[in-house]
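Visitor: Got a structure here, written out as structure tokens. Questions coming.
The values are calculated or read from the model by the stated rules, or taken from the named source; none is laboratory data. Values in this document were obtained by computation on a predicted structure and should not be read as measured data. Every residue, glycine among them, receives a Cβ derived from its backbone with ideal geometry; neighbour counts consider all protein chains shown. Remember, those area values only see protein heavy atoms, side chains included, never the ligands or the DNA or RNA. Shrake-Rupley method; radii C 1.70, N 1.55, O 1.52, S 1.80 Å.
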Amino acid sequence: ANLKTEDIIKMVSRQILLADGEVTVATVTNIDGLRTDYPELFAYAKAGDKLIFYSLGIIIYDPVLDRVVDVIRRLPANTTVPRNVTEEK
């Protein structure tokens, strides 16, 4: 199935809220190259997955399984994760 950008956005939007703004969709073709350049970021991606670039980061989406595989968020400068959260037991 040759999915259009709008189709991918619709499928991903059912699973995760997308921030407003421009969105770019790309297809993973050279996973080995991506993993060489960014080993931590693309640990779960594979060839054929879609990368959705949006204002808050990148969503890795598997259109065959219809599943969000990973989300890479860009944290604003000087962002710290709060320490006063309660860990689930």
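Visitor: So ILE58 passes all but one of these: (1) more than 18 Å from VAL12 (Cα to Cα); (2) open to solvent by less than 40 Å² (accessible area, probe 1.4 Å). Which condition number does it fail?
Guide: Here ILE58 meets the rest and fails (1).
Visitor: I need the full set of residues from the range 1-37 which are open to solvent by 100 Å² or more (accessible area, probe 1.4 Å) and acidic (Asp, Glu), in order please.
Guide: Passing the criteria: GLU6, ASP20, GLU22, ASP32, ASP37.
Visitor: In contact with a helix residue (DSSP H, G or I) (Cβ under 7 Å, 6 or more places away or on another chain) and surrounded by 10 or more Cβ atoms within 10 Å (Cβ to Cβ), is that true of VAL71? Give the derivation first.
Guide: Values: in contact with a helix residue (DSSP H, G or I) (Cβ under 7 Å, 6 or more places away or on another chain): no; surrounded by 10 or more Cβ atoms within 10 Å (Cβ to Cβ): yes.
When the stated conditions are applied, VAL71 does not pass them.
Visitor: Among the residues of the range 46-55, write down those that are in a loop (DSSP other than H, G, I, E, B), at negative phi and either open to solvent by 10 Å² or more (accessible area, probe 1.4 Å) or without any contact (Cβ under 8 Å) to a residue 12 or more places away in the chain (or both). Steps first, please.
Guide: Residues of the range 46-55 in a loop (DSSP other than H, G, I, E, B): 46-49, 55.
From what is left, the residues that are at negative phi are 46-47, 49, 55.
Once the filter is applied, which keeps residues that are in a loop (DSSP other than H, G, I, E, B), at negative phi and either open to solvent by 10 Å² or more (accessible area, probe 1.4 Å) or without any contact (Cβ under 8 Å) to a residue 12 or more places away in the chain (or both), the range 46-55 yields LYS46, ALA47, SER55.
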